[in-house]
Amino acid sequence: MQEFEPKIVAFVCNWCTYAGADLTGTSRIKYSSDVKIIRFPCTGRIDFMLLMKAFANGADGIIVSGCHPNDCHYTSGNFHARRRWIVFEKLIDFMGIDKRRICFSWVSAAEGAKWADIVNNTVAKIKEIGPYEDYKKLASSFSEISQESHE
Amino acid sequence: MEIERKLYKNSSPDAIAERLLSAGKKVTAPVRSGKIVDLKEISKPSEIEYNALTSVQSAKKVAFPKVDKVVEYEVLKDTVNTLEVDFEAFPEQVLFGVKPCDAAGFIPLKAVFNWDYADQFFLKRYEKTTIISFACPKADEYCFCTSVGGNPGSTAGSDIQFTRTGDDEFLVEIITPKGKTVSALFEDILVPDSSNIDKEKFLASVPKAFSFEEVSAKLSSLFESPVWEEQAIRCLGCGACAFVCPTCACFDLQDEKNSGKGTRLKLWDSCGYSAFTVHTSGHNPRESQGERWRQRVMHKFSYMPHRLDVRGCTGCGRCSRSCPVDMNIKEHITQIDSL
Amino acid sequence: MSNLIETAEELLQKNKVNLIIGYEKGTGSKTRPVFIRKAEDAKKLVFDNNQKQNLVVYLLRSEVKKAGKTAFVATVPALRSMLQLASECQIKDKELIAIHARDNQDVIVFEDFKSIEEFLTTADTGFTAVESELLAKLMAMTVSERFDFWTSEFEKCIKCYACRAACPMCYCGRCTTECNQPQWVAPASHPLGVFEWHLMRAMHLTGRCVNCSECATACPVDIPLNLLTYSLMETLETGFGAKAGMKADAKYALSVYKPDDKESFIQ
């Protein structure tokens, strides 16, 4: 039986986490290739609906990562993002979305090792929890051909 | 076909529903969920709520669903794959326990969906639908079927109608050939109506509030009247009235696409929305809620009778019951009638 | 209620206002909004124990703005809605008169924001007992049970947008669902379209909702939509010190921040 290969989408900021992920690579630190990274200028730009869209399109897990507070390239983007996530995390939990499937983190450009850990831990966790069938079912209940993973 | 009259001597119509289900029909009936009663597909007769005045939503959803697939497509290298709707594959279904005003709603719906274009999505589903209505023993202040050419025991639009005539007895009228076909499923538990019961005795009393024909005639001179703005000032412009209405048929087409694959959907729409008539240029011919309210009334009481020879309202009162700000159509039309 | 009627008559007779938005008796036992422009119509006004709509929903309409100086009969949530609109720069101070009527007691006429702010410090702005009970019941469920609860409630949703239409905070000229380049949230009432709509609406109302419960009351299929924003209010208050509609110059909770905002889940 094929092992479950989770689909993880990572929403990261350009200046810290994306650079950090780059460092992970150049440092030759091995980490799971199950993650698709999407680069944003700043975590402040990450719309909560994007996360829901990722789940609707087949993601089993999500990583959201950016600069540490006080280190935002745009000064306060991550502060706004933090407030948004505090509220969003509560709301989705209330609505029955599995918040264990979303990993929020601060990863700086120098934290190549941390990025590898974040990814590997998230992949391991999602492998343990399993695919996000409930939400996939919700998202695809209205079509036969259009909701298969579109990678 | 002449209406056949039979009697069903039982306190509960459950046995009838059981026969329909056993025959593999998809049965939609009133079901209680919390504070509301709505029409839902049932899997066993015990789910049916027979004693509610009416359901929140109308019966139109079995032939005109709130969201309906038109076509699915997939763009491939040299071609486009489409998954069309198989119009012959709609299931045989029965509406069981709906009201006469629900059944009557299918008459204008049929006219609208078969006027300049034969809408197979509706027509083919309707073809497979048998409507078993239950005449109304009670009515409330929102009901006005008698003002729009209906009544609590009207068989218009129904294939079979049950009227409770006693604790353990129902009059069963088999009205159409479709009704006759379905009645074969429970014919053996019916007996002939030898006493020739007068069903009027068992129907609710719904005093006439106005005359549809009179209002319809008046409306053509009321286009510029200030009554529309006055009546609609409290209207919020939501879609509740249009969506619960048994005769409203407006729909929106939406394409939901996802890199090369997509679905075109047909969704309920409401002329009460401010964006309903917005043009691409930005111009909106119905800028104010009063203009949109006027359109709603005109459409049902004037345009549909004149263009399609049908009444656009069945007097069910659902719009008024569901309206968050009590836009009571019976009250409004009565006021218009007095102008 | 003669005091309410007298107050209204006087405001109109003295031309202090051109329009009073209040409540009148509706069908059966319902109460509904009424728009009064002539003093002799003021006797239609009632203020009973019935569920009453949040009349602030009308204040930004062109018909009302065209009427000039307007007064409206305000429940406590409506007073908060008014201040919330003020904090969002939608209404100016002293532009409107709010008449708060308490059953069998005097009316209070508010002509500026400050007096409303003071009044609200001692008013009951909490949830009703029924709301608190259902909220607690949901909080006690597992995540999976809550998912089942909401998906089953949302099955009823017909996307009529009565919740949006009845909410005084949903005044966007063009709602997100009405934009289709791209179609961000599907207007369709299939399970995904419904789930995304209610989630998005709750997020757009975070920090702005004054728990008037109009959304839930307006819903024709009886979905307890108000609970979605209610679930966030404790976090907003204890975490950000934010409570909607208490001050006319408050800042929107999600457009400000504290460098040391606390959370426990960011790694």
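Coordinate-derived values only; no laboratory data. Quantities reported herein were computed from a predicted structural model and do not represent experimental measurements. Reconstructed Cβ throughout: ideal geometry from the backbone, glycine too, with neighbour counts over all protein chains shown.
Some points to look at:
- Percent antiparallel among DSSP beta bridges (both partners in the protein assembly as shown, rounded to 5): 60
- Charged-residue dipole, Cβ positions (Lys, Arg, Asp, Glu), the stretch C:2-120 about Cα centre, Debye nearest 20: 480
- Considering only alpha-carbon pairs that sit under 8 angstrom and 6 or more positions apart, the relative contact order computed for the stretch B:4-337 is 22 percent.
- For the stretch A:2-50, the fraction of alpha-carbon pairs in successive 5 Å shells from zero, as %: 5, 19, 24, 23, 16, 10, 4, 1
- Rg(Cα)/(2.2 N^0.38 Å) for the stretch B:1-159, N = residue count: 1.19
- In the frame of its principal axes, the stretch A:8-140 has Cα extents of 39, 32, 18 Å, reported largest first.
- Partner chain coverage, peptide B:263-274 - average Cβ within 10 angstrom: 4
- Footprinting exposure proxy ranking of C:Cys157, C:Cys212, B:Cys143, fewest other C-beta atoms within 10 angstrom first, gives C:Cys157, C:Cys212, B:Cys143.
- Least to most buried among B:Phe144, C:Phe110, B:Phe87 (fewest other Cβ within 10 Å first): B:Phe87, C:Phe110, B:Phe144
- Positive-pole candidate from B:Gln120, B:Thr28, B:Pro91, dipole of the stretch B:1-128, charges at beta carbon: B:Thr28
- Under Karplus coefficients 6.51, -1.76 and 1.60, residue-wise ³J(HN,Hα) of the stretch C:59-73 in Hz, glycine/proline x: 5, 9, 6, 4, 4, 6, 4, 5, 6, x, 4, 10, 10, 9, 7
- Counting only Cβ charges, +1 for Lys and Arg and -1 for Asp and Glu, the dipole size of the protein assembly as shown around its Cα centre is about 1100 debye.
- With contacts taken as Cα pairs under 8 Å and at least 6 residues apart, the stretch C:199-267 reaches a relative contact order of 34 percent.
- Annotation for the stretch C:8-78 versus the stretch B:262-339: alpha-carbon center distance of 25 Å.
- Working note: Karplus 6.51/-1.76/1.60 with θ = phi - 60° gives the stretch C:243-250 the couplings 9, 5, x, 9, 9, 6, 10, 5 Hz, where Gly and Pro are set to x.
- Annotation for the stretch C:120-174 versus the stretch A:1-40: alpha-carbon center distance of 37 Å.
- Comparing mean-square fluctuations of B:Ala89, B:Ala139, B:Ala156 from a GNM of chain B with C-alpha springs under 10 Å, the top value falls on B:Ala89.
- A cysteine counts as unpartnered when no other cysteine's C-beta lies under 4.7 Å of its own; in chain B this applies to B:Cys136, B:Cys143, B:Cys145, B:Cys235, B:Cys238, B:Cys250, B:Cys271, B:Cys313, B:Cys323.
- Relative frequency of Cα-Cα separations exceeding 52 Å in the protein assembly as shown, percent: 19
- Shielding score for C:199-207, defined as the mean number of other chain Cβ atoms within 10 Å: 4
- Free-standing Cys residues across chain C, given no other cysteine C-beta under 4.7 angstrom: C:Cys89, C:Cys157, C:Cys160, C:Cys172, C:Cys175, C:Cys179, C:Cys209, C:Cys212, C:Cys219
- Whole-Hz couplings from phi, Karplus 6.51/-1.76/1.60, listed for the stretch C:123-134; x for Gly and Pro: 7, 7, 10, x, 7, 6, 4, 4, 4, 4, 5, 5
- Computed log10 I(q)/I(0) for the stretch C:215-267 at 0.12, 0.13, 0.17, 0.32 Å⁻¹: -0.41, -0.47, -0.70, -1.25, from the Debye equation with unit scatterers placed on every C-alpha and solvent omitted.
- Between the exposed loop cleavage positions of chain B, defined as GluC sites (Glu not before Pro) in a non-H, G, I, E, B DSSP state with at most 11 neighbouring beta-carbon atoms within 10 angstrom, the longest gap is B:3-223.
- Exposure proxy ranking for B:Val62, C:Val56, based on other Cβ atoms within 10 angstrom of each Cβ and starting from the fewest, stands as B:Val62, C:Val56.
- Compactness index (Cα Rg / 2.2 N^0.38 Å), the stretch C:2-120: 0.98
- In this structure the amide hydrogen of A:Cys103, modeled in the peptide plane, comes within under 5 Å of the amide hydrogens of A:Ile62, A:Ile63, A:Val64, none closer than 5 places in sequence on its chain.
- Computed about the Cα centre, the dipole magnitude for the stretch C:129-242 is approximately 380 debye when only Lys and Arg (+1) and Asp and Glu (-1) carry charge, each at its Cβ.
- Candidates C:Asn3, B:Leu39, C:Asn226 compared by Cα position along the dipole of the protein assembly as shown: farthest toward the positive end lies C:Asn3, with charges placed on Cβ.
- For the stretch B:75-145 versus the stretch B:1-29, the spacing of their alpha-carbon centroids is 20 Å.
- Shown here is the pair-distance distribution of chain C: with all Cα-Cα distances grouped in 10 Å bins from zero up to the longest one, the shares run 6, 27, 34, 23, 9, 1, 0 percent.
- Across peptide B:184-192, the mean count of Cβ atoms from other chains lying within 10 Å of each residue's own Cβ comes to 0.
- Our helix-only sum for the protein assembly as shown, with -39,500 (n - 2.57) per DSSP H run of n ≥ 4 divided by its residues, gives a mean residue ellipticity at 222 nm of -9500 deg cm²/dmol.
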